[in-house]
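Here the structure is laid out as structure tokens; the discussion comes afterwards.
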Amino acid sequence: MLMLLALCAGGMAQDKIFEEGLANGRTAKKFYVAKNKGGKGYSLEKLMEYARKHDYVIGATKYKDVSRFGDVYTAVDEFTFLPSSEYKKFVYESTGMRAGFSNMTQRGSCWLLSGDKFLKFENTLWSGKVFNGRLDGEGDLLWSDDKEIIFHAAHAKFQNGLPLGNLVVYTFKVKMGHPDVVQFNKGDYGSVGTLSDGMARFNIQEGKWGFVTSDGVIAISPIYEKIVKDFSNGRAEVFSDAKEYIIDKKGQYIDLTARQKQINAQEEAKKKQEELKRQQEERRKQLAQEQERIERQRRAAEAEKIRKEKFRNCEPGDRVYFSQDWQRTEGWLWFRESHNYTMRVVCFVEQNYKNGERLQIRVGSVESSNKDYYSTPEIDGIKYNKGDVVWIRPLDDTRWQIE
């Protein structure tokens, strides 16, 4: 019974005005209209009592001031009403569902996903088929709370009481104090797959997937990113953590799928191939480095051979030289600065003894690469200053070069 504001009237006048309103009929989504025809209007209290007694729902009302015996009072001049027995039809008309209320002849039970569980709804109005007391096939669905203040409607497909596919439910709420005004909003009730081996996949608002039994019991929580294959012979294939694997009806791991094993084998073969390529490339680099090292040694040996040959054949007046690197560090306390420079010593051959075994040379110049710093170069304890005459063994000392 609707617990809404009701007006009533008593006596023959009230009978007549309600009967006339019913006789005039109503349009879809509207209440019946009762109008005062030339009378003084109707007492609000009596209309309330009459409506309550005859189980009418009163909607919008219009009033007028009435003068009687010098007194002015407010009376009901026009109002809308609806028998409680037609209220479900009125709300259904507001839903815009396609079947038509005259086809809502079946009643059955179903399970709908609400939050993290499936709720069972009994005795719902249904335009489709009912099998073993459960909704089946395609049709319009309508149910309400116990006080018939909030209604739910959907056009859906069902299998053994479970919805098939994505389910969108519209909730219709009667506006308080205005029972002829119906407000609604739209809700997503997730998605449920086809029953297979007594289990159906489901997800919550495009989230992860789990499995529900044919009795609306969540057997496996929605933890999988994708269901690869529904249950058959007690096994299903799921996808999670970048792998496909097989589970039983308790959600326990059994094995990887054949496809995943093939993917793993391909990935392993690919890794081996990549490792082989890496090793081959590493060997190629090592071989190239070794060849480069041998070539450097060959060029160095060739250069050393030429150097020695030049010294063996040098004559008085030929220029020979060596360079020596130096470093000067300067600073105070915590601030210190280093300066690098090179000393270059140029000498002239005066005598070649035994084909370059020993050379007598005279130091021609000693120059620094940095004009601010100078150091006296030395080799084997012998300092080289301009004008000095010394003997050297250039064939065994690669520091000496000849121009």
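The values are calculated or read from the model by the stated rules, or taken from the named source; none is laboratory data. No experiment lies behind these values; they were computed from the predicted model shown. Cβ atoms come from the backbone with ideal geometry, glycine included; neighbour counts cover every protein chain shown. We work out accessible area using only protein heavy atoms, side chains counted, and drop any ligands, DNA or RNA first. Shrake-Rupley method; radii C 1.70, N 1.55, O 1.52, S 1.80 Å.
Brief remarks follow.
- Spatial offset of segment 352-403 relative to segment 290-308 amounts to 24 Å, using the alpha carbon center of each.
- Rolling a 1.4 Å probe across the protein heavy atoms gives segment 13-96 an accessible surface of 58 Å² per residue.
- Cα centroid separation, segment 29-58 to segment 238-285 (Å): 77 Å
- Probe 1.4 Å, accessible area per residue of segment 256-368, Å²: 75 Å²
- Cα-only radius of gyration and Dmax that characterise the chain, units Å: 52.2, 160
- Extended-chain gain in nm, criterion 0.36 nm per residue less alpha-carbon gap, residue 239 and residue 121: 39.3 nm
- Shape class of segment 93-174 from the Cα gyration tensor (axes a ≥ b ≥ c, square roots of the eigenvalues): rounded, since a/c falls below 1.5.
- Over all orientations, segment 57-129 has a Cα convex hull whose mean projected area works out to 8.3 square nanometres.
- This model, with +1 at the C-beta of Lys and Arg and -1 at the C-beta of Asp and Glu, gives segment 73-231 a dipole about its Cα centre of some 400 debye.
- For the chain, size of Cβ-based charge dipole, Lys and Arg +1, Asp and Glu -1, in debye: 480 debye
- Applying both filters, DSSP loop and at most 11 other Cβ atoms within 10 Å, to the trypsin sites (Lys or Arg not before Pro) of segment 102-188 gives 147.
- Model label sites at residue 16 and residue 281, defined 7 Å from Cα along the beta-carbon direction, differ in position by 10.2 nm.
- Residue 217 versus residue 340: modelled label distance in nm, points set 7 Å from Cα along the beta carbon direction: 8.2 nm
- Listed residue pairs exceeding 27 Å between alpha carbons, taken from 46/147; 308/383; 62/186; 120/243: 62/186; 120/243
- Spin-label model distance (nm) - residue 147 vs residue 274, 7 Å beyond Cα toward Cβ: 6.4 nm
- Gaussian network model of the chain, springs between alpha carbon atoms under 10 Å - residue of 31, 311, 118 with greatest fluctuation: 311
- The convex hull defined by the C-alpha atoms of segment 259-403 has an orientation-averaged projected area of 16.5 nm².
- Taking only alpha carbon atoms, segment 309-389 gives an Rg to Rh ratio of 1.14, where Rh is the Kirkwood radius.
- Sequence of 65, 55 from largest to smallest accessible area, 1.4 Å probe: 65, 55
- Carbon + sulfur, % of accessible area of the chain - ligands and nucleic acids excluded, 1.4 Å: 47 percent
- Just checking the listed ones, 136, 388, 77: in the Gaussian network model of the chain with Cα springs under 10 Å, the one fluctuating most is 388.
- Cα centroid separation, segment 81-126 to segment 136-209 (Å): 10 Å
- Counting heavy atoms of the protein chains alone, residue 48 has an accessible area of about 50 Å² for a 1.4 Å probe.
- Each of 54, 101, 365 was placed along the dipole of the chain (beta-carbon charges, centred on the mean Cα), and the one lying farthest toward the positive end is 101.
- Entries of 29/173; 30/88; 229/271 with Cα pairs more than 19 Å apart: 229/271
- Net charge in the neighbourhood of residue 371 (other residues with Cβ under 15 Å of its Cβ; Lys, Arg +1, Asp, Glu -1) is 0.
- Segment 33-47 residues near the modelled residue 72 label - backbone nitrogen below 18 Å, point 7 Å along Cα→Cβ: 40-42
- Gain upon complete extension [residue 166, residue 390; 0.36 nm per residue less C-alpha separation]: 70.4 nm
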